[in-house]
Amino acid sequence: MKRWGVLLALAAAPAGAQTTDAFAGVPNLTFRTYTVTGTDAPSVRRSLDAGRPTDPHGGAPVDAGTDWAIHWRWPARRHGGCDLSRARVTFRATVTLPRLAEGATLPPPLAEAWTRYMAALETHEAGHVRYAYEHRGDVLAAIRGATCRTAEKRAEAALAAITAHDLAYDRDTQHGLTQGALFP
């Protein structure tokens, strides 16, 4: 499932990526960044607007995004059928965030605004990551409570519920604006 809002461990974040505890404890998480330049609020905003990703669910440009996936599988039994008790789910996510260009210097009030903005973006994107990660077990439970014939549909229904929450989260927070993700 792909979701925008934000494979390696958190420690693998690119140099200059600003990450917080909001993502702590979530495995299989990759960070991507796009470079932002400028020395004043209008030029930084123009750079953000030029580099930011597009939300695939609505087509609107967003300052940060999260792409997560939950996959599942189960083994076949030797003499036919499947063994849903041995089903497994895997999770991965990629968070895309803006990053100030190397050596960029912002005036102190603007630098403080950037720091607050980045913290709010991270909080918002971590909301996507955490919810999907913490509910991956819903997919596993759906599979294990199914039959070989219904397992795939039940897994997809559980995944659809997680996606619906993700979409509502963006709608309710206006893609993080209500959480302070606005620059300048």
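Bear in mind these aren't lab numbers, they're just calculated from the coordinates by the rules spelled out. The shown structure was predicted, so the numbers you read here are calculated from the model rather than taken from an experiment. No Cβ is skipped: glycine too gets one built from the backbone with ideal geometry, and neighbour counts run over all protein chains shown.
What is the gain in length, in nm to one decimal, between GLU152 and ASP40 on full extension, counting 0.36 nm per residue of separation less the C-alpha to C-alpha distance?
35.1 nm
Of all trypsin sites (Lys or Arg not before Pro) in the stretch 82-184, which ones are in loop regions per DSSP and have a Cβ with at most 13 other Cβ atoms within 10 Å?
Sites meeting the loop and neighbour criteria: ARG149.
Enumerate the whole-percent occupancy of each 10 Å bin, from 0 to the last occupied one, for all C-alpha pair distances of the stretch 72-112.
20, 22, 13, 12, 13, 14, 6
If we count every other residue with Cβ under 11 angstrom of ALA151's Cβ, Lys/Arg +1 and Asp/Glu -1, where does the sum land? Walk me through the numbers on the way to the answer.
On the way: positive: ARG73, ARG144, ARG149, LYS153, ARG154; negative: ASP83, GLU152, GLU156.
Summing Lys/Arg as +1 and Asp/Glu as -1 gives +2.
What FRET efficiency comes out for ALA50 versus ALA119 if R0 is 25 angstrom and r is the Cβ-Cβ distance? Round to the nearest 0.05. Don't skip to the answer; put the middle values down first.
Details: r = 23 Å, r/R0 = 0.91.
It comes to 0.65.
With a cap of 15 neighbouring Cβ atoms within 10 Å, and only residues DSSP puts in a loop, list the GluC sites (Glu not before Pro) found in the stretch 90-184.
Those satisfying the criteria are GLU102.
At 222 nm, what value in deg cm²/dmol follows for the chain if DSSP H runs of at least 4 each add -39500 (n - 2.57) and the sum is divided by all its residues, to the nearest 500?
-13000 deg cm²/dmol
Reported to two decimal places, what Rg/Rh ratio describes the chain when computed on Cα atoms with Rh from the Kirkwood expression?
Taking Rg over the Kirkwood Rh, I get 1.08.
Which one of ALA41, PRO108, ALA69 is farthest out on the positive end of the charge dipole of the chain, using unit charges on Cβ (Lys, Arg +1; Asp, Glu -1) and the Cα centre as origin?
ALA69
Using the basic label-point model (7 angstrom from Cα toward the beta carbon), what is the ALA60 to GLU134 distance in nanometres?
A separation of 2.4 nm, rounded to one decimal place.
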